[in-house]
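Data block below; observations after.
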């Protein structure tokens, strides 16, 4: 599990966009499983993405957002929602329209939706924004579970406590360049 660190404007979100296939690099390439992104490697639909926007439909409920995503990926809709609700505690607000959610509720749904299909690559851009300490701890557990099932997980974060909980590797960026790359032991928290 790789954590990408750096100040504002250091290139974290751009790097994640390139890794996730949303931005075409000006040079070089990203390779997944022996193929280039989009050319025999992972397709955009098989990448779990959690970014600055929730990418959820505001007039639908959490249940409807999860079930729609499950349907797109050929998963059982009811089971997908039950798993997401249990994993992320969506039950308390899962039947209300997303437009009524707090920032933390939006973030929990966004993360749950991104993981519905069990993607082989999961990209998180500042995933702890809006989450309280308990929800951040749940997210750390989920990130470790995703890495444990074999997913490649890349997280950009300013949250040093969260980073310390999940990082196997840390990539430090400054002005779009790697200034330090380290391997660390993941810490349980």
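Any read-out appearing in this document is the output of simple, stated calculations on the displayed coordinates, not a laboratory observation. These numbers come from a predicted model, not from an experiment. FYI the Cβ positions are ideal-geometry reconstructions off the backbone, even for glycines, and counts take in every protein chain you see.
Computed over the chain with a Gaussian network model linking Cα atoms closer than 10 Å, the most mobile of 156, 58, 114 is 58. Footprinting exposure proxy ranking of 85, 136, 27, fewest other C-beta atoms within 10 angstrom first, gives 27, 85, 136.
For the chain, the longest principal axis of the Cα atoms and the long axis of helix 133-148 meet at an angle of about 70 degrees.
How high is the FRET efficiency from residue 8 to residue 29, r the C-beta distance, R0 35 Å, rounded to 0.05? Taking R0 as 35 Å, the efficiency between residue 8 and residue 29 is 0.85. Cα centroid separation, the range 80-114 to the range 129-185: 21 Å.
Averaging sequence separations of C-alpha pairs under 8 Å and six or more residues apart, then dividing by the length of the chain, give the relative contact order as a whole percent. Rounded, it is 31 percent for the chain.
Note on the chain: GNM, Cα springs under 10 Å; of 28, 51, 91, the largest mean-square fluctuation is that of 28. Helix 77-88 and the longest principal axis of the C-alpha atoms of the chain enclose an angle of approximately 70°. Between helix 103-114 and the chain there is an angle of about 80 degrees, using the helix long axis and the longest principal axis of the Cα atoms.
Which of rounded, prolate, oblate describes the range 66-171, given a ≥ b ≥ c as roots of the alpha-carbon gyration tensor eigenvalues and a/c under 1.5 marking rounded, otherwise prolate only if a/b is larger than b/c?
Values: a/c = 2.12, a/b = 1.30, b/c = 1.64.
In terms of gyration-tensor shape, oblate.
Summarising the label geometry, the points placed 7 Å from Cα in the beta-carbon direction at residue 68 and residue 149 lie 2.2 nm from one another.
Using the Kirkwood radius over C-alpha pairs as Rh, can you work out the diffusion coefficient of the chain via Stokes-Einstein at 37 °C, viscosity 0.692 mPa s, in µm² per second? The partial results should precede the final answer.
Working: Rh = 16.9 Å.
Calculated translational D: 194 µm²/s.
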